[in-house]
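The values are calculated or read from the model by the stated rules, or taken from the named source; none is laboratory data. If you're wondering where the values come from, they're calculated on a predicted model, not measured in any experiment. So basically every Cβ, Gly included, is an ideal-geometry build from the backbone, and we count neighbours across all protein chains shown.
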């Protein structure tokens, strides 16, 4: 019953705020929404505790494996943990928006709660078509939230790109689901997995179904070349929404790929193609991140980059790599949430997000500055952050696969993305104001910028930043067990179809190995270097009238991220074909 | 050609994609998205079709063991769901297109200023 | 990217996707063949439950949870449309004064037809909903019929009558409550098909009316020439001065 409640609580509250939102006073709406998010967090935490020994399964409507129809909700520890992450970030975002939207309607709260329900539904669904359904629901709610400030031209443009590309991806996913259905006559993840287990490697239908289903999820996970929409949408969405987008929604795509591959396609299809596309997104996102001067867009590219690393981690498909990815995911969710909230506080106070216009203006906001710094350091992989632990564990696990390139890739990505964030911190919170009025078209999201940021806007950020630096201390033993169960298809199918628990042998991981600490130290040092170098470059660019040094390499990169929906659709088609080619030849 | 309907579905999806790629009007692009989605309806229904079968409704005739076989009710339910999803997505995207026309004065994706600085 | 480069990129991708897809469907069981394991199970379960319409059994009983997702999509869309189309509506009315939509200048025959068709269309909608578990139809189909029925008044040129027939706050409340009730019933006790059909019809009908209402507001405010206080035009007059 708990699994049903995880979905019912936010939905019921959302329906209430939608029905009575016009009459309820604002504090009541705030309190109801926050209470719902906290309740979901408590329920998810309870599920996490109960799932530690045995995967929780709830067949809806009294159907079950004996009848051959019906839909199960399935919660293994990692799924429950992801639902918990979503609920906690939603709670943080709701606290933040307490004073953020001065003229908000209850619609915002309704959509936030629906987004939480959609994400939980996607995580818990044990059925391919149900996953598609909740994937679409996430997309539709996210579309409404992205376009929330529909009076801004950039907002509607970013939202329409987002809606078109994510919907296209979802339809490809549905095509893949239909192919699986046509072959096996099953829609349940567990049942379809069992039916496909005997398929020969290289079976065209199975490969195609995997590629099509994954394409939709990779669009959401922002793998190369499906990542274009993300920067457009994240840069324009309201700040509390960005927290959920970057912190959980993107990671849901990674989770979807990993879950579907492990349970349904684990036998016949290799994951090499996903690793390549993830690595490409990691590199490209890191480079683009350094080139940005709009803070939210910079953070969005850093999300693309980090999500690429997560994809590489799950593509390794070993318990160790998944455990490392779980660390990194938790660390990234908290760090990125903190950074977006800090950026939102800046936007709110100064009415701009441009790095040049903001120079030195953060000096009066010490807590926001600390949030930004801590978030940047967590991204850089400062121990005991989740990123540091995650990259160490994953690196150790993929070394056995011969993926020597993971270490330099993760160091480069962490150094570049964190360097860009630290550069912004140094300029905004430590630099000297340039003078002159800000020339950015963005309006503050609260009608009139608040003179002093209220504690509700500052506290969630600093709490998340602190959490990001502590996620590496998550106990390793239960996480290893959870990762082992996540990567073993039998540990998923047996509880669902046979009603009995199945455990998988856990491999102990060592998040704090000495070599990992050395790598962390090097990465943080590199990030500081990147920040210093990039800051000089930005200053030079600001001094010159036209960016001359932008040069031959960066201009095509900027031009490729054109905001043109036709370009994005062409890249999507090419990306699906590329993934197929890579999967086939891997 | 026992796979012609399945291939038709793929063709519809691709032609919709082509429309989006070459689109010079966002309303047109949104309609092309619907075209592309129609391919999934065709694929689902083609997978569920059975020669000589009738609709899976038994209020006025005997169930399949005695009567004729029926087509797949599961894909029909999925298509129904899919149609609602498609209608909703189309409505929201058109709403956004209205706003773009207001704010930017054009619906040509080529004339919309890039969001990349 | 230049249009040419875009097309080349797409052509390469499309060729790859087409090849992949073709190879894939050749691995499907042949079109119209007898291999439908899930369908056989679903039909058997529908008959055991005594539901004559197997599609309704799948939608509202065996796979009711998918329909929960669908209901939530409708709720989200109706709410989102309010946000996405709100700003410009507010601007336009702020620029002018009160919006007065008088009866438009349409032929009497059209007006009479619209009003005559309204009651039977509503009855047909209710019939389709009420018999959804027995015959083809159900909450979605019936809800759409009910939602479009009230817009016959708009086609008949009587926008004020339409406004009287659909108080939007009430529709918002009914829609949200129907969605909540559906989720509650579907999660707790799926299988009450007539009840679920009715809830879906309420949800779909209200969502449709709300969505269309937002677009109407846009169209009438934006495209009507300013003609304060007067009547005429095709859909009423916007009060933009």
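Below is a table of values for the structure above.
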{"read-out": "From the options A:57, A:29, A:11, residue that is more than 10 Å from chain C (Cβ to nearest Cβ), at pLDDT 90 or above and surrounded by 18 or more Cβ atoms within 10 Å (Cβ to Cβ)", "value": "A:57"}
{"read-out": "Filter pass, residue C:208 being closer than 17 Å to residue C:118 by Cα, in contact (Cβ under 8 Å) with a residue 24 or more places away in the chain and more than 8 Å from chain A (Cβ to nearest Cβ)", "value": "yes"}
{"read-out": "Selected residue (criterion: farthest from residue B:62 (Cα to Cα)) from residues of segment C:8-46 that are under 32 Å from the mean Cα position of the chain (by Cα) and more than 7 Å from chain A (Cβ to nearest Cβ)", "value": "C:31"}
{"read-out": "The lone exception for residue A:98 - which of (1) within 21 Å of the chain's Cα centre (by Cα); (2) farther than 26 Å from residue B:77 by Cβ; (3) more than 7 Å from every other protein chain (Cβ to nearest Cβ) it fails", "value": "(1)"}
{"read-out": "Members of segment A:225-276 that are without any contact (Cβ under 8 Å) to a residue 60 or more places away in the chain and within 14 Å of the chain's Cα centre (by Cα)", "value": "A:250, A:253, A:257"}
{"read-out": "Any helices (runs of 4 or more DSSP H) falling wholly within segment A:122-211 and containing at least 2 residues that are surrounded by fewer than 24 Cβ atoms within 10 Å (Cβ to Cβ), at the interface with chain C (Cβ under 10 Å from one of its Cβ atoms) and touching a helix residue (DSSP H, G or I) at 6+ places or on another chain (Cβ under 6 Å)", "value": "A:153-184"}
{"read-out": "Helices (runs of 4 or more DSSP H) wholly inside segment C:108-201 that include at least 2 residues being surrounded by fewer than 18 Cβ atoms within 10 Å (Cβ to Cβ)", "value": "C:108-130, C:159-165, C:168-189"}
{"read-out": "Residue within segment B:97-104 that is buried (at least 20 other Cβ atoms within 10 Å of the Cβ) and either more than 8 Å from chain A (Cβ to nearest Cβ) or assigned to a loop (DSSP other than H, G, I, E, B) (or both) present", "value": "yes"}
{"read-out": "Criterion (more than 7 Å from every other protein chain (Cβ to nearest Cβ), modelled with pLDDT of 85 or more and crowded, with 24+ Cβ neighbours inside 10 Å) met by exactly one of B:31, B:75, B:42", "value": "B:75"}
{"read-out": "Identity of the residue in segment C:47-56, more than 7 Å from every other protein chain (Cβ to nearest Cβ) and crowded, with 20+ Cβ neighbours inside 10 Å, that ends up farthest from residue B:63 (Cα to Cα)", "value": "C:56"}
{"read-out": "Within segment A:562-572, tally of residues that are under 23 Å from the mean Cα position of the chain (by Cα) and assigned to a helix (DSSP H, G or I)", "value": "5"}
